[in-house]
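All of the numbers you see were taken from the coordinates with simple rules; none came from a lab. Please read these numbers as outputs of a predicted model, since none were measured by experiment. Note that we place each Cβ from the backbone using ideal geometry, even for glycine, and neighbour counts take in every protein chain shown.
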Protein chains: 2
Amino acid sequence: MAKKRISIKDIAKLAGVSSPTVSRALHGDGRMSSATRNRIIQLANEIGYTPSLVARGLVTQRSHCVGLVVPTFADPFHSEVAQGIEEEARRHHYSLFLASTGVDPARELAVVRTMHGRQVDGIIVSASRVGNQYAELLHDTGLPIVLINAHVAGNNIHSIYHDDYKGGCQLVDHLIERGYRRIAYIGNKRGGQIDVERRRAWIDTLHAARLPAALAVNGPNGRLQGGSIAAEQLLPQAQTLWGAPPQAIYCYNDTMAIGAMAVLRQQGLRIPTDVALTGFDDIDVAAFLEPPLTTLRQPRHKMGVEAMKALLTLINEESNPVPPQATIMQGELIIRHSA
Amino acid sequence: MAKKRISIKDIAKLAGVSSPTVSRALHGDGRMSSATRNRIIQLANEIGYTPSLVARGLVTQRSHCVGLVVPTFADPFHSEVAQGIEEEARRHHYSLFLASTGVDPARELAVVRTMHGRQVDGIIVSASRVGNQYAELLHDTGLPIVLINAHVAGNNIHSIYHDDYKGGCQLVDHLIERGYRRIAYIGNKRGGQIDVERRRAWIDTLHAARLPAALAVNGPNGRLQGGSIAAEQLLPQAQTLWGAPPQAIYCYNDTMAIGAMAVLRQQGLRIPTDVALTGFDDIDVAAFLEPPLTTLRQPRHKMGVEAMKALLTLINEESNPVPPQATIMQGELIIRHSA
DNA sequence: CTGTTAGCGCGTTCAT
DNA sequence: ATGAACGCGCTAACAG
């Protein structure tokens, strides 16, 4: 079944010209009689010619592909970021390689290596677990890389990230303003630096208000189950510590918050009357829950677009290298009814 | 900054051998002194050689890439399918090109064309809007294609899809068994053939029970807002028709059901006491809602895996072409508390 | 205006 | 056991 690809040569033969002529005709390049040009173009359409971007990339050393590396597809946050990236990529006639890492650093490295083998022009890594190591890769290969939401020390690599610390402070401040004092944290064991930042916001803000950051539980992952499991562990601990449930729970992200909500309801606790709850990210469903979730909105789509723009700049300016630059984006506190 | 790629030749020069020798050494191919082989492999690692899969693909005519085409990333259903596809792809050392169509047939065609130009070995299209047209493409290019959840007439193309009709019947049957009689449908204007199947199940099942399929409203899309908008239109129409809300609403998918739930609550209607509700797909959050959503579980992950397996078979058996085949998968009725 | 030559990086014959 | 030559499909550099 595998028809042989029809190539530039085939149409050259048919048109009675040489292959470079065909190439030029199709590119609108160079000066040539519009007679032959039209004839060639017409011919190409007739026999259904599709240029091989692979071969082209091999000679131009530009594949017009970029790699996108995410922890998992099944996360609404990354999906939306990816959507932004893809839009911007398509706008510039770039294709996307996609790979997931499963939050496994080794796999992340392997994936990036494969992408390099695929001759991608650049790579975007979201929520990297090995951020620092890219400096070396960058040095060795010159492969443009942009990191999304990886707080990398040293700051020697392009990155664009959300100000989680500040966002977390806004969230916790809001809880304090509402009068809650026993504020617990549900963290994500696999959240890496992101978890660190959000947790730090919690600790610092509570301390600033002379409140204790006394109770935190880490879920095994950042998904729904992760939130449920954390909540199940949290409640008895609160009972031991305070003789009562926490007045508020500040969650690692919206998804875990949803997982926690289910457990709270199951235990007969009402939200926010008995326990208030906040999320992080403002994923789409957040507004549709009962009660609607108070959270911190990350400009996910825009972050994707900006990351892709930054990458394209790196790709096109490789003659005069742009110094590594960290773009930090601000979120927005979204107050709904869960807290 | 763009370091020139280090190639097989570079390491040949360093090892004092010819490039074919290096190629063979790296492939474990042919017979050769394990001394030189080891030396070459070591050398390759030292200088950080990464083979160009592009060049390799050009000569072997096999890129080890497949294209994945989805309507949008921001849909939990497709995300999970994609996850399955990616896992199976990685298992076979295949990379994934990803593109979204935005449910635009023209863009879908353009995207597939680009993928062909990228020399992908095959393509998986999820929820295609132009299913029939692939037969022609297949005929012209011999490019293996597998369709997911595109009910294509004529059945002349490989596809794997979920039995939406049967699933829909189960759902509506369940509603009838629970004693609901005024059962409305919230459809998806952009749902294409999928909407047709699910709607048909609703109509047929109601008729079989001598109940009228009297009220259906289409949301503008299959997302949360789509569900909300549909519900807002549905309620007054039900009032006109029945002088009361519907007793149950059978929704196009879980996401729209969530959108509808929010509206129902807003209008003071309790679920399922006042209005029962069903979804479709069993996306992850479905079980975590209040109330947990009764729905029909599609084996999303497995569908992805199976699609990729089917595609790989097509790719590897292209000498003796496999006849087009439709694999139909059965879902599972998940009864929770919303109906 | 167009054809010739060369080469991107690799794998695959053939020779040796 | 290894090297020389060729070609995958395309574009870039020169010729003419």
Quick one: 3J(HN,Hα) in Hz for the range B:331-339, Karplus 6.51/-1.76/1.60 with θ = phi - 60°, rounded, Gly and Pro as x. x, 9, 6, 10, 8, 10, 10, 7, 6
Which chain A residue hugs the A-B rotation axis most tightly by its Cβ, and what is that distance in angstrom, to the nearest whole number? A:LEU98, 2
At what distance in nm do the modelled label points of B:ILE328 and A:LEU109 sit from each other, each positioned 7 Å from its Cα along Cα→Cβ? 5.0 nm
Given charges of +1 on the Cβ of Lys and Arg and -1 on the Cβ of Asp and Glu, with all other atoms neutral, how large is the dipole of the range A:164-297 about its Cα centre, in debye to the nearest 20? 320 debye
I need the inter-copy label distances for A:PRO105: point set 7 Å along Cα to C-beta, values in nm with one decimal, smallest first. 5.1
Taking a crude spin-label model, label points 7 Å out from Cα along the C-beta direction, the B:LEU211 to A:ALA135 distance in nm is 6.6 nm
Around A:THR295, with a cut-off of 10 angstrom between Cβ atoms, what is the net charge of the other residues, counting Lys and Arg +1 and Asp and Glu -1? -2
Once amide H atoms are placed 1.01 Å from N in the peptide plane, what residues at a sequence separation of 5 or more from B:LEU277, or on another chain, have their amide H within under 5 Å of its amide H? B:ILE249, B:ALA339
Where the only charges are on Cβ atoms (+1 Lys, Arg; -1 Asp, Glu), what is the dipole of the protein assembly as shown about its Cα centre, to the nearest 20 debye? 1520 debye
Would you be so kind as to identify which of B:GLY192, B:PRO236, B:GLY226 lies farthest towards the positive end of the dipole of the range B:164-297, taking Lys and Arg as +1 and Asp and Glu as -1 on Cβ and the Cα centre as origin? B:PRO236
Rounded to two decimal places and with Rh computed the Kirkwood way over Cα pairs, what is Rg over Rh for the protein assembly as shown? 1.01
Among the lysines, which have Cα under 30 Å from the Cα of B:LYS302 when same-chain residues fewer than 8 positions away are ignored? A:LYS189, B:LYS166, B:LYS189
Fraction of beta bridges assigned by DSSP in the protein assembly as shown that are antiparallel (%, nearest 5): 10 percent
Just to be sure I understand: with springs between alpha-carbon atoms less than 10 Å apart, which residue in A:LEU26, A:LEU277, A:LEU68 has the highest mean-square fluctuation in the Gaussian network model of chain A? A:LEU26
Semi-axis lengths (Å, descending) of the ellipsoid that matches the C-alpha gyration tensor of the range B:76-156: 19, 16, 13
Once the label point is set 7 Å along the Cα-to-beta-carbon vector, what list of distances in nm do you get between A:ARG270 and its counterparts in the other copies? 1.3
Pick from B:ASP284, B:ASP140, B:ASP163 the residue whose mean-square fluctuation is largest in a GNM of chain B, springs joining Cα atoms under 10 Å. B:ASP140
Kindly identify the range B:197-257 as rounded, prolate or oblate by the Cα gyration tensor criterion: order the square roots of the eigenvalues as a ≥ b ≥ c, call it rounded if a/c is under 1.5, otherwise compare a/b with b/c, prolate if a/b is larger, else oblate. oblate
Binning at 10 angstrom from zero up to the longest distance, how are the C-alpha pair distances of chain A distributed in percent? 5, 23, 25, 18, 13, 8, 5, 3, 0
FRET efficiency, 1/(1 + (r/R0)^6) with R0 60 Å, evaluated for A:SER18 and A:VAL196 via beta carbons: 0.45
Kindly write out, for the range A:187-201 in residue order, the coupling ³J(HN,Hα) from the Karplus curve 6.51 cos²θ - 1.76 cosθ + 1.60 (θ = phi - 60°), rounded to whole Hz, with x marking Gly and Pro. x, 10, 4, 9, x, x, 5, 4, 4, 4, 5, 5, 5, 4, 4
Given Cβ charges of +1 for Lys and Arg and -1 for Asp and Glu, the option among B:VAL275, B:TYR49, B:SER128 whose Cα lies farthest towards the positive end of the dipole of chain B is B:TYR49
What does the copy distance list look like for A:PRO236, label position 7 Å along Cα→Cβ, in nm and ordered from shortest? 5.4
Mean-square fluctuation check for chain A, GNM, Cα pairs under 10 Å: which of A:ASN188, A:ASN218, A:ASN155 is largest? A:ASN155
Taking H as built 1.01 Å from N, whose amide H comes closer than 5 Å to the amide H of A:ASN188, not counting residues under 5 places away? A:GLY219
Looking at the range B:231-297, what % of the alpha carbon pairs are farther apart than 20 Å? 22 percent
Dmax and Rg, reported as Rg then Dmax, of the range A:241-339 (C-alpha, Å): 19.1, 64
For the range B:170-179, 3J(HN,Hα) per residue [Karplus equation, 6.51 cos²θ - 1.76 cosθ + 1.60, θ = phi - 60°, Hz, x = Gly/Pro]: 4, 4, 5, 4, 4, 4, 5, 4, 6, x
The orientation-averaged projected area of the Cα convex hull of the range A:8-51, in nm², is 2.6 nm²
What is the pair-distance distribution P(r) of the range B:164-297, computed from all Cα-Cα distances in 5 Å bins starting at 0, with each bin given as a whole percent? 2, 12, 24, 27, 23, 10, 2, 0
Is the shape of the range A:170-224 best called rounded, prolate or oblate, per the rule: a/c under 1.5 gives rounded, else a/b larger than b/c gives prolate, else oblate, with a ≥ b ≥ c the square roots of the Cα gyration tensor eigenvalues? prolate
Any idea what the dipole of chain A comes to, in debye rounded to 20, about its Cα centre with Lys/Arg Cβ at +1 and Asp/Glu Cβ at -1? 1020 debye
Over chain A: helical MRE at 222 nm, DSSP H runs n ≥ 4 each giving -39500 (n - 2.57), nearest 500: -14500 deg cm²/dmol
Excluding residues fewer than 8 positions from A:LYS13 in its own chain, the lysines with Cα under 20 Å of it are A:LYS3, A:LYS4
Amide H to amide H, which residues 5 or more places from B:MET329 or on other chains are under 5 Å from it, using H placed in the peptide plane? B:TYR161, B:HIS162, B:ASP163
Taking every other residue with Cβ under 11 Å from the Cβ of A:GLY117 and scoring Lys and Arg +1, Asp and Glu -1, one gets +4
In this structure, the FRET efficiency calculated for A:LEU26 and B:HIS27 from their beta-carbon separation, with R0 = 35 Å, to the nearest 0.05, is 0.45
How many percent of DSSP beta bridges within chain A run antiparallel, rounded to 5? 10 percent
